[in-house]
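Below you'll find the structure, written out as structure tokens, and then a few comments.
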Amino acid sequence: MEGTDSIWVIIRELHRAAQLQRRAVAASPLGPVALGLLNLAAQAPVSPSDAAKELQVPPQSITRAVADLMAAGLVRRVGNAADGRSYSIKLTEAGQQARADFRRQLSADFSRLLTDWDPREIETFAGQLSRLVSALAADAATGPAAARTANPWRQAEQ
């Protein structure tokens, strides 16, 4: 494939961007799991198990995040009428405001970094990045990485 050097630039820069994003989220008073949970619950109430799968974190991390977010008044538990043992996590008005504030601040930070970009460049880049991430997500769900076997170094001795 042509453009191998360019492909490695893309891979390297995506990795750097992910590291910078992780640092920014880690600096948030809420932390990465709680912020992820706020974003998920903003779409629709979400069960703890679905949140753990989506955020790729252990269930106990979700439990901890729910407790922290509830203590801050940002989420509430909504019982499941069909199964009294299960619940979903729903944002409160304060949670919606906290998420909106975080998004507004993040957008302002990004906008400041893009002041010398033409609006068409931003729109084009956003579309291309979205297309790349969609392809990465689809490949992760069905590609070779999805079919990986267990790590043989972690298997119990027989």
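Only Lys, Arg, Asp and Glu count, each charged at its Cβ (+1, +1, -1, -1), so figure out the dipole size of segment 43-84 about its Cα centre, rounded to 20 debye.
I would put it at about 100 debye.
Q96 to I11: FRET efficiency via 1/(1 + (r/R0)^6), r the Cβ-Cβ distance, R0 25 Å, to the nearest 0.05?
That pair, Q96 with I11, gives E of 0.10.
Dipole size in debye (nearest 20) for the chain around its Cα centre, Lys and Arg Cβ +1, Asp and Glu Cβ -1?
My answer is approximately 580 debye.
May I ask for the longest run of the chain untouched by trypsin sites (Lys or Arg not before Pro) that are loop-located per DSSP and have at most 13 neighbouring C-beta atoms (other than their own) within 10 Å?
1-84
Suppose each label sits 7 Å from its Cα in the direction of the beta carbon; what would the Q19-A67 distance come out to in nanometres?
Placing both labels 7 Å beyond Cα along the Cβ direction yields 3.3 nm.
So I have (1) 1, 7, 11, 15, 17, 15, 13, 10, 6, 3, 1, 0, 0; (2) 2, 9, 17, 18, 16, 13, 11, 9, 4, 1, 0; (3) 2, 9, 16, 18, 15, 12, 8, 5, 4, 4, 3, 2, 1, 0, 0, and one of them is P(r) over Cα pairs in 5 Å bins from 0, in percent calculated from this model. Which one is it?
The value matching this structure is (1).
Would you be so kind as to identify which of A141, W117, A27 lies farthest towards the positive end of the dipole of the chain, taking Lys and Arg as +1 and Asp and Glu as -1 on Cβ and the Cα centre as origin?
A27
With r as the distance between the Cβ atoms of R103 and A82 and R0 = 35 Å, compute the FRET efficiency 1/(1 + (r/R0)^6) and round to 0.05.
0.60
On full extension of the chain, what length is gained from Q43 through L114, given 0.36 nm per residue of separation minus the C-alpha to C-alpha distance?
Length gained between Q43 and L114: 22.8 nm.
Read-outs throughout are calculated quantities, based only on the coordinates presented, and are distinct from any laboratory measurement. Just so you know, these numbers come straight off a predicted model, no measurement behind them. Neighbour counts are summed over all protein chains in view; Cβ atoms, including those assigned to glycine, are modelled from backbone coordinates with ideal geometry.
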